[in-house]
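Chemist: Quick one: the structure is below, and I'll ask about it shortly.
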Amino acid sequence: MTGLLARRAGRTLVALVASSVVILLLWEMALHVLDVSPYIGKSPLEVWQYLFTDARFGPSAAENRAKLIGLLGVTLRDAGVGFVSGSLASTALASVFFLVPQLELAFLPLAMLMRTVPLVGFAPIIYLVFGNGTPTVALIGTIIVFFPVLINLALGLRSASPQAADLVRVYGGNRWTTLRMVAFPSALPNLFASVKIAIPLSLVAAMLYEWLFSLKGLGGEISVANAHSLYAETWAIAVIVAAVSIVVYNVVDFVEAPALALWGPNAGAFGS
């Protein structure tokens with residue numbers, strides 16, 4: 001088991017490094033192909049210098065890092081609020097859809113229709129009603145995270161084995177028992193897929209809230225940096241957000257296989 005986990009960790013690390021190299025190459029190529037002005041478009045080397053090489057004038061690289069790490073903490077907190085609220089709401093509704101299939105037939109098309117409405121259109125209304133604070137960031141995060149997770153989980157719960165569900169009913173179980181013992185394990189792969197989708201979406205939601213309303217965190221700092229033409233800082237923020245998303249995605253991917261082996265539809269298959 002230890003050797004298997006070590007091999008998985010190695011593969012995850014290789015994938016992380018490979019994806020980072022590809023992104024850096026595409027970034028450098030895009031600047032040249034699109035002929036972006038050097039004043040606005042910053043290369044990977046310039047971002048590295050901003051974060052790790054002391055400039056002759058202006059703040060030191062250590063000061064730049066400390067500033068952005070502090071702002072990242074604010075953004076991660078806001079993203080965590082949106083991720084948790086959106087994931088819990090979508091999981092609860094997907095469970096209700098499984099328990100009462102008629103509700104899914106009635107409300108899922110409506111949910112899909114609501115998903116087509118741009119969030120920017122009614123985010124100001126949310127802000128006017130709830131003000132600047134946790135309720136607003138939770139609602140914006142919930143709206144962005146909710147629909148992809150709901151669809152994924154609803155499909156996963158419906159994929160439960162009919163034979164296993166029949167067996168539960170034969171032994172006196174009801175639909176709630178089927179949900180706990182059959183549907184949830186069957187939906188676990190969809191749950192991990194949903195988490196991989198929801199994590200970057202929650203970061204987007206947090207930065208949107210900060211950019212439009214709170215002016216805190218990395219989202220708010222982008223507004224300040226652009227207003228003062230501090231484009232190296234803007235690019236550094238983009239790199240930090242992308243790096244966090246990639247790292248967390250790979251961590252979830254690493255945890256997925258052992259979790260499915262313990263609680264998934266084919267429990268016990270890990271390492272076989």
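Chemist: Tally Lys and Arg at +1 and Asp and Glu at -1 over the other residues with C-beta under 12 Å from the C-beta of Leu150: what net charge comes out?
Modeler: Local charge sum for Leu150: 0.
Chemist: Here is a follow-up. With N residues in the range 1-157, what two-decimal value do you get for its Cα radius of gyration over 2.2 N^0.38 Å? Intermediate results must be reported in sequence, preceding the final value.
Modeler: Numbers: Rg = 22.0 Å, N = 157, 2.2 N^0.38 = 15.0 Å.
Compactness ratio reported: 1.46.
Chemist: If you don't mind, there's one more thing I want to ask. Binning at 5 angstrom from zero up to the longest distance, how are the C-alpha pair distances of the range 67-209 distributed in percent?
Modeler: Histogramming the range 67-209 at 5 Å steps yields 2, 10, 17, 18, 17, 13, 9, 6, 4, 3, 1, 0, 0 percent.
Chemist: Identify all lysines with a Cα-Cα distance to Lys216 below 21 Å; exclude those on the same chain that are fewer than 8 residues away in sequence.
Modeler: Hits, sequence-local ones excluded: Lys67.
Chemist: Considering all projection directions equally, how large on average is the shadow of the alpha-carbon convex hull of the chain, in square nanometres?
Modeler: One quarter of the hull surface, i.e. the mean projection, equals 18.4 nm².
Chemist: Separate question: Compute and list, largest first, the equivalent-ellipsoid semi-axes of the range 44-137 from the alpha carbon gyration tensor, each √(5λ) rounded to a whole angstrom.
Modeler: 42, 16, 14
Chemist: Just to be sure I follow: if Rg is taken over the C-alpha atoms of the range 136-272 and Rh is the Kirkwood radius over the same atoms, what is Rg/Rh?
Modeler: Rg/Rh: 1.16.
Chemist: If packing is taken as the average number of other Cβ atoms within 10 Å across a peptide's residues, how do 153-161, 42-50 rank, most packed first?
Modeler: In descending order of packing, they fall as 153-161, 42-50.
Chemist: In whole percent, what relative contact order does the chain give with Cα contacts below 8 Å and a gap of six or more residues?
Modeler: Relative contact order comes out at 24 percent.
Chemist: Translational D (Stokes-Einstein, µm²/s) of the range 109-173 at 10 °C and 1.306 mPa s when Rh comes from the Kirkwood sum over C-alpha pairs? Write out the running numbers ahead of the final one.
Modeler: Details: Rh = 14.6 Å.
Using the Kirkwood radius from Cα pairs, D works out to 109 µm²/s.
Chemist: Quick one: what Rg and Dmax do you get for the range 161-239 from the alpha carbons, in Å?
Modeler: 22.7, 69
Chemist: If you average the sequence gap of Cα pairs under 8 Å that are 6 or more apart and divide by the length of the range 114-249, what percent do you get for the contact order?
Modeler: 23 percent
Chemist: Hey, which aspartates and glutamates would be in cross-link range of Lys196, C-alpha to C-alpha under 16 Å, not counting anything within fewer than 8 residues on its own chain?
Modeler: Asp253, Glu256
Chemist: What chymotrypsin sites (Phe, Trp or Tyr not before Pro) in the range 156-240 are in a loop by DSSP, with at most 13 other Cβ atoms within 10 Å of the Cβ?
Modeler: Working: sites: Tyr171, Trp176, Phe192, Tyr209, Trp211, Phe213, Tyr231, Trp235; in loops: Tyr171.
In loop regions of the range 156-240 (DSSP not H, G, I, E or B), the sparsely surrounded chymotrypsin sites (Phe, Trp or Tyr not before Pro) are Tyr171.
Chemist: Based on the Cα gyration tensor of the range 7-62, what are the three equivalent ellipsoid semi-axes, each the root of five times an eigenvalue, rounded to whole Å and given largest first?
Modeler: The equivalent ellipsoid of the range 7-62 has semi-axes of 27, 19, 5 Å.
Chemist: Would you please name the trypsin sites (Lys or Arg not before Pro) within the range 45-110 that are DSSP coil residues with at most 12 other C-beta atoms within 10 Å of their C-beta?
Modeler: Here the trypsin sites (Lys or Arg not before Pro) that fit, given the DSSP loop and packing criteria, are Arg56.
Every number here is computed from the coordinates shown, using simple stated rules; none is lab data. A quick note: this is a predicted structure, and the numbers were derived from the prediction, not measured. All Cβ positions, glycine included, derive from the backbone under ideal geometry; neighbour counts span all protein chains shown.
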